[in-house]
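Accompanying notes for the structure given below.
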Amino acid sequence: MTPRQAVQSGPPPSSGREFGDPACGLRTPVASRRGRFARRLAGVASAAWACSLGCGDSRLGVYPTSGVVRFADGTPVRVGTIEFVPEAGGPSARAAIDVEGRFVLGTYAAADGAVAGVHRAVIVQHLPAASRPPRTPEHDAHADAADGLVPLPYSQWETTPLRAEVAPRDDNQVALVLEGAR
């Protein structure tokens, strides 16, 4: 029998290991894909587990805080956004001011509250430029009651006199008065 006839006549002698057997060192394409998927899944699961141990919620606690902001004559500030920043550091809280001058602060979500402590507050008004005169100190000194604009010192962090304290409780009410305005 020639070597060519031996190859054609039947399977080669078996070494006791079959194709796809892990001991053989050869894997089928399906087994190879399953192994890669299992390794990736294990890696993702390990990362999620590690994060759950060391990646806890590092957000500071917030306490419901609402209030009202008015001019010295009692007229409410009817438009704008108020922002509270803790003097000791931490995340700021903000809210829209409604037509009655009321607001409900939110830090991480709308209306969830503010962190405890003393805060500086500013009021920002974004009004269409065509509908309002330019903001100058002279304008602020002569603004009439119908104007409704917050004087510049109350809208800048460096000059705002507004301060409010948020206590660690569920019913913080803040009343802010813009002294010397209007």
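Any read-out appearing in this document is the output of simple, stated calculations on the displayed coordinates, not a laboratory observation. Since the structure is predicted, the reported quantities are computational estimates derived from the model, not experimental observations. Neighbour counts run over all protein chains shown; Cβ positions are idealised from the backbone, glycine included.
Of note:
- Label-point separation, Ala175 to Arg39 (7 Å along Cα→Cβ), nm: 7.0 nm
- Counting neighbouring Cβ atoms within 10 Å and putting the fewest first, the residues Tyr108, Tyr63, Tyr154 line up as Tyr108, Tyr63, Tyr154.
- Each of the peptides 159-165, 110-116 was scored by the mean count of other Cβ atoms within 10 Å over its residues; in descending order, highest first, they stand as 110-116, 159-165.
- The modelled label-to-label distance for the pair Glu100/Ala88, using points 7 Å beyond Cα in the direction of Cβ, is 3.2 nm.
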